[in-house]
Amino acid sequence: MGTLVSFHAHPDDESIGTAGTLAKAAALGHRVVLVFATRGELGEPVPGVLAEGEQLSVRRSAECHESARVLGVSRVEFLGYVDSGMMGEPSNDAPYCFWQAPVEHAARRLALILEEEEADVLTTYDDNGGYGHPDHIQVHRVGARAGELAGVPVVAQNTTNRDWLLRGMRGLQKERGAGIELPEITEDPSFGKPESEITHRVEAVEYAGTKRESMRAHASQMGPDHFMLRMPEPVFAMGLGTEFYIVAAPPNPASAPEIWTEVFEPLRGA
């Protein structure tokens, strides 16, 4: 049995980007741990979902634990920082937000968990945090340093395969008449990474239903009318059943942790 620690900025990030990976690892008998930098205090709740006086951070924390149960996660931890909000907002300057956290200090908090768990694989985000969110960029920085401090064999940067997504979106344009709702995706260079930079993937189509349930657990952020939850099952599985990673230094196959070889595979030549 190996151990995968998945580091995220906010509650629900684990569902969108890595839920297939986490569910697959857990189903194969490996230990999976979730770590969140913040409790998503500045998220926008679905209208009417919160009870009178209910704090969003408390609700989102509970949703993390429900998502973890669905995915088979064994442990959930929070580093204790506060949501920084979107890039350029005044909340970015709050001294207690994650964006302002000294990387070395935050990395040591995470490294303690990595050392306790004897992590074989750590998932973080790409260097632009997927789409430029300050907390996501900070996850990349803090995660990279924590991996060094704890000597984690594999640090895998979760990202969006922009070329693959655009190919899929273009192919589904013919389906719009069938009621498939698609987001407006453009060839924005700040969104995800080109396929040429991506090194590995996780094929998790068989866990697409589990991934969708993980998303539903985050009801304060994803209502029933959310476009991803409204996708027909085949479209959801096709679009979200494969997850992509950048691994700067893949381990030697002869000495790689079993969890690495069982869950991840090279993107090219696979």
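What to note about this one:
- Once the Cβ-Cβ distance of VAL205 and ASP225 is raised to the sixth power relative to R0 = 22 Å, the FRET efficiency obtained is 0.35.
- Estimated purely from DSSP H runs of n ≥ 4, each contributing -39500 (n - 2.57), the mean residue ellipticity at 222 nm for the chain is -11000 deg cm²/dmol once divided by its residues.
- Computed on protein heavy atoms with a 1.4 Å probe, the accessible areas place TRP164, TRP260 in the order TRP164, TRP260, largest first.
- Gain on full extension, evaluated as 0.36 nm per residue between ALA248 and LEU28 minus their Cα-Cα distance, stands at 76.7 nm.
- Computed with a 1.4 Å probe over protein heavy atoms only, the accessible surface of the chain comes to 45 Å² per residue.
- Under 5 Å from the amide H of PHE36 lie the amide H atoms of HIS8, GLU77, PHE78, LEU79, each residue being 5 or more positions distant or on a separate chain, with H modelled from the backbone and absent for Pro and chain starts.
- Beta bridge orientation in the chain: antiparallel %, DSSP, nearest 5: 30 percent
- Summed residue charge, Cβ within 12 Å of GLU117's Cβ, Lys/Arg positive, Asp/Glu negative: -3
- Whole-percent carbon and sulfur share, accessible surface of the chain, 1.4 Å: 51 percent
- For the set ASP135, ASP225, the ranking by accessible area, highest first and with no ligand, DNA or RNA atoms included, is ASP225, ASP135 under a 1.4 Å probe.
- Rolled with a 1.4 Å probe across the full set of protein chains, the surface gives VAL35 an accessible area near 0 Å².
- Segment 8-76 and segment 114-136 have Cα centres lying 15 Å from one another.
- Within the shell defined by Cβ-Cβ distances under 11 Å, the residues around GLY209 carry a net charge of 0, with Lys and Arg each +1 and Asp and Glu each -1.
- Over all distinct Cα-Cα pairs of the chain, the Kirkwood formula returns a hydrodynamic radius of 18.8 Å.
The values are calculated or read from the model by the stated rules, or taken from the named source; none is laboratory data. Nothing here was measured: the structure is a model prediction, and the numbers come from that model. Cβ sites come from the backbone with ideal geometry, for glycine too, and all protein chains shown count toward neighbours. Side chains are part of the model used for accessible areas, which takes the heavy atoms of the whole protein and leaves out ligands, DNA and RNA. Shrake-Rupley method; radii C 1.70, N 1.55, O 1.52, S 1.80 Å.
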